[in-house]
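Taking it in order: structure first as structure tokens, then the write-up.
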Amino acid sequence: MTWRMSLRVWRLADLLVALAVCAWLAPNAWIDRACAGRVFASGAAVPARTFAIVPGSRVLAERPLPLLRDRLQSALALYQNGRVKAVLVSGNDSPDAPETRVMRDWLLARGVPAADVWTDGAGTRTRETMVRAAGRYGVADAIVCTQSVNAARSLYLARAAGIDAVAIALPTPLESAPRYLAVESLKTTLAFAEASLRAAPARPATVLAAR
């Protein structure tokens, strides 16, 4: 291989890397801009909605771990302060980690009426949570309760599913974890691609009864 051919190969490689970086980062920038003004730092500032949506996270020994507990605490405060009328908890239930049952029990133990706690045990991913909230449970508007590092992606997926959503961005140590932030950035890019390729679900004519 001549030096000229080698130079061309390196230039092509540099171009491909630059394109890959743009394809990765551009959707993140677009989603951040699209979500501007819809992500809030506190429940006092967030506008009222009908539902709080709590995406699932890890549970252990029948208890929510800190990440999920913070989400539940946020939803509970919204309900107690009249900012939402009901809470939809959505997660990936399994015999060893029954996320939604643990979330539901946590809210019931703190005084939320059973009729106002809706459960979706098939929220295997954030996108499934939002698609099912809109298409199966008839959720038209909601406050998404999640950590700051996940807020933009979660909010984007909710709005892509047809939900008039805002989000509370809960503080978390993950804000200073480069590896986690890189993974979240990649998830955001994939969420953008997937939501762009799939239509929003049809909304049911009536909202299902709470369960």
_Among residues of region 94-108, those that are crowded, with 23+ Cβ neighbours inside 10 Å and either of a type in the set (Phe, Trp, Tyr) or more than 22 Å from the chain's Cα centre (by Cα) (or both), counted_ = 1
*Failed item, numbered, when residue 111 is tested on (1) without any contact (Cβ under 8 Å) to a residue 60 or more places away in the chain; (2) open to solvent by less than 50 Å² (accessible area, probe 1.4 Å)*: (2)
*Out of (1) surrounded by fewer than 22 Cβ atoms within 10 Å (Cβ to Cβ); (2) in contact (Cβ under 8 Å) with a residue 40 or more places away in the chain, what's the single condition that is false for residue 153?*
(1)
*For residue 31, which of the numbered conditions (1) modelled with pLDDT under 75; (2) of a type outside the set (Gly, Ala, Ser); (3) open to solvent by 50 Å² or more (accessible area, probe 1.4 Å) fails to hold?*
(3)
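So, in region 44-53, of the ones that are open to solvent by less than 30 Å² (accessible area, probe 1.4 Å) and touching a Lys or Arg at 6+ places or on another chain (Cβ under 9 Å), which residue ends up farthest from residue 122 (Cα to Cα)? It would help to see each step written out before you state the result.
So the first thing to find is which residues in region 44-53 are open to solvent by less than 30 Å² (accessible area, probe 1.4 Å), and the list is 46, 51-53.
From what is left, the residues that are touching a Lys or Arg at 6+ places or on another chain (Cβ under 9 Å) are 46, 51-52.
Details: 46: 27, 51: 18, 52: 17 Å.
Only one residue tops the list, namely 46.
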*Using beta carbons and a limit of 7 Å, which pairs, at least six apart or on different chains, have the first residue in region 35-50 and under 17 Å from residue 82 (Cα atoms) and the second one of a type outside the set (A, V, I, L, M, F, W, C) and open to solvent by 50 Å² or more (accessible area, probe 1.4 Å)?*
43/81; 43/83; 46/83; 48/83; 50/85
*Top-ranked residue in region 52-81 [being farther than 23 Å from residue 174 by Cα and modelled with pLDDT of 95 or more; ranked as nearest to the chain's Cα centre (by Cα)]*: 78
*Which residue pairs have Cβ atoms under 6 Å apart, sit 6 or more places apart or on different chains, and have a first residue in region 132-143 that is on the phi < 0 side of the Ramachandran plot and open to solvent by 10 Å² or more (accessible area, probe 1.4 Å) and a second that is part of a strand (DSSP E or B) and of a type outside the set (Phe, Trp, Tyr)?*
132/120; 141/164
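Here's a check for you: in region 115-131, which residue that is of a type in the set (Val, Ile, Thr) and in contact with a Lys or Arg (Cβ under 6 Å, 6 or more places away or on another chain) is surrounded by the fewest Cβ atoms within 10 Å (Cβ to Cβ)? First the steps, then the outcome.
The first filter runs over region 115-131 and keeps only residues of a type in the set (Val, Ile, Thr), leaving 117, 119, 124, 126, 129, 131.
Now narrow it down to the ones that are in contact with a Lys or Arg (Cβ under 6 Å, 6 or more places away or on another chain): 117, 119.
Values: 117: 23, 119: 21.
Checking each candidate, the answer is 119.
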_All but one of (1) modelled with pLDDT under 65; (2) surrounded by fewer than 11 Cβ atoms within 10 Å (Cβ to Cβ) hold for residue 36; state the number of the condition that does not hold._
(1)
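Provide a single number: the residues in region 150-166 that are of a type outside the set (Lys, Arg), under 19 Å from residue 67 (Cα atoms) and touching a Ser or Thr at 6+ places or on another chain (Cβ under 6 Å).
Final tally of qualifying residues: 1.
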*Would you be able to say whether some residue in region 99-115 is in contact with an Asp or Glu (Cβ under 9 Å, 6 or more places away or on another chain) and part of a loop (DSSP other than H, G, I, E, B)?*
no
_Every residue from region 161-175 that is out of contact with any strand residue (DSSP E or B) (no Cβ under 8 Å at 6 or more places or on another chain) and either closer than 13 Å to residue 129 by Cβ or open to solvent by less than 20 Å² (accessible area, probe 1.4 Å) (or both)_ = 161
*Say we look at region 54-93 and pick out the residues that are of a type in the set (Ser, Thr, Tyr) and under 23 Å from residue 135 (Cβ atoms); which of these is least open to solvent (accessible area, probe 1.4 Å)?*
90
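The values are calculated or read from the model by the stated rules, or taken from the named source; none is laboratory data. Computed from a prediction, not measured in an experiment: that's the story for all the values here. Positions of Cβ are generated from backbone atoms using ideal geometry, with glycine treated the same way; all protein chains shown enter the neighbour counts. Ligands, DNA and RNA are excluded from the accessible area calculation, which covers all protein heavy atoms including side chains. Shrake-Rupley method; radii C 1.70, N 1.55, O 1.52, S 1.80 Å.
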